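These notes are about the structure you will find just below.
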Amino acid sequence: MSTAYRAPVETDVSCSSNPGLEEVDQMAEFITVGKADDIKEGEATAFQVGDEEVAVARSGGTLYAFNDICTHRRCNLAMGGEIDGTTITCECHGSMFDMATGEVIGGPAPEPIATYEVREENGDLQVGVQVNGG
Ligand code: FES
């Protein structure tokens, strides 16, 4: 009875240009928020990036960027959050999120948190935020 169907999702982007295809109107714009050295191993710091409060954490030498606001009762994750591997635990009621994917691992949080691209560029700490075309 269902007439719903899904179009195939193409994740394999080739390097050749396809002028006949509509360009995806999302792209990441990297914004410098500070110095990469400011993020110490096992710690997280929050930055205002556009309208978003973005936490950047370093664990195992890898940087992670994710929304700083816990989806349970909006506590700040960077402030007091406990980092263990790729997991950050909200200090308020113990919700646990995967910093790489944003998924809820445990606790009362009902929704995942957004994640962002993050990179070090000549010592700068840069966060990639989605920019909608137009
Ligand atoms: S506000 Fe984060 S677990 Fe409740």
At 7 Å along the Cα-to-beta-carbon direction for both GLU117 and ASP51, put a label point, then send me their distance in nm to one decimal.
2.1 nm
Would you mind checking which residues have amide H under 5 Å from ASP124's amide H? H placed 1.01 Å from N; only 5 or more apart, or other chain.
ALA36
Across segment 96-110, in residue order, what do the Karplus-derived ³J(HN,Hα) couplings come to in whole Hz, using 6.51 cos²θ - 1.76 cosθ + 1.60 with θ = phi - 60° and x for Gly and Pro?
10, 10, 7, 5, 7, 10, x, 5, 6, 9, x, x, x, 4, x
Once you sort the root eigenvalues of the Cα gyration tensor of segment 51-98 as a ≥ b ≥ c, which label holds: rounded (a/c under 1.5), prolate (a/b larger than b/c) or oblate (the other case)?
oblate
For a quick check: with amide H placed at 1.01 Å from N, whose amide H comes under 5 Å from SER59's, ignoring anything fewer than 5 positions away on the same chain?
GLY42, TYR64
Starting from the Cα gyration tensor of segment 21-122, take the square roots of the eigenvalues, sort them a ≥ b ≥ c, and report rounded, prolate or oblate (rounded when a/c is under 1.5, otherwise prolate if a/b is larger than b/c, else oblate).
oblate
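Read-outs throughout are calculated quantities, based only on the coordinates presented, and are distinct from any laboratory measurement. None of these values were measured; they are calculated from a predicted model. Here the Cβ is made from the backbone with ideal geometry for all residues, glycine too, and neighbour counts use every protein chain on show.
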